[in-house]
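Presented below is the structure to which this report refers.
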Amino acid sequence: MPRVRSTEWKAVIKLLNEPAESVEDLATDVIMAIDALREKRTDYVTVVRHSIDPPFFAAYGPYVTRNAAERDLGKSVIAASVGEQYIIVPLSTKIDEGVEEGALF
């Protein structure tokens, strides 16, 4: 299912209900509005440390909310063995934002 937030489709509906000079202008306005809204949003991923031999990390997502990531635990995000650990982290356009040093496992 596509990851579309209500603020995104509401913005598109608003633009579609307003007069436009041309179809090209309307399409440009829609794309610009979605890009601006998605630039502001925070998506989340779940990182799991699988302890099978050899151990490895796997990322699941992205999810539009932290709650969506949590709901997927035990569904798409599953443990390969007992005692595996996970962390849900926000995705960011900045490399140093979102995760504190030492926050993983």
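Computed from the coordinates by the stated procedures, all read-outs in this text should not be read as laboratory data. No experiment lies behind these values; they were computed from the predicted model shown. Neighbour counts are summed over all protein chains in view; Cβ atoms, including those assigned to glycine, are modelled from backbone coordinates with ideal geometry.
Paramagnetic label reach from ASN17 (point 7 Å along Cα→Cβ; backbone nitrogen cut-off under 19 Å): within segment 33-54, residues 33-34.
For the peptides 16-23, 47-54, the ranking by mean Cβ contacts within 10 Å, running from highest to lowest, is 47-54, 16-23. Scan [x] 295; [y] 167; [z] 131 for the value of volume of the Cα convex hull per residue in Å³ calculated from this model and give just the label. Given [x] 295; [y] 167; [z] 131, the calculated one carries the label [z]. Kirkwood radius for segment 44-90, taken over all pairs of different Cα atoms as the inverse mean of 1/r, rounds to 10.7 Å. The angle separating the long axis of helix 6-17 from the principal Cα axis of greatest extent in the chain is about 20 degrees.
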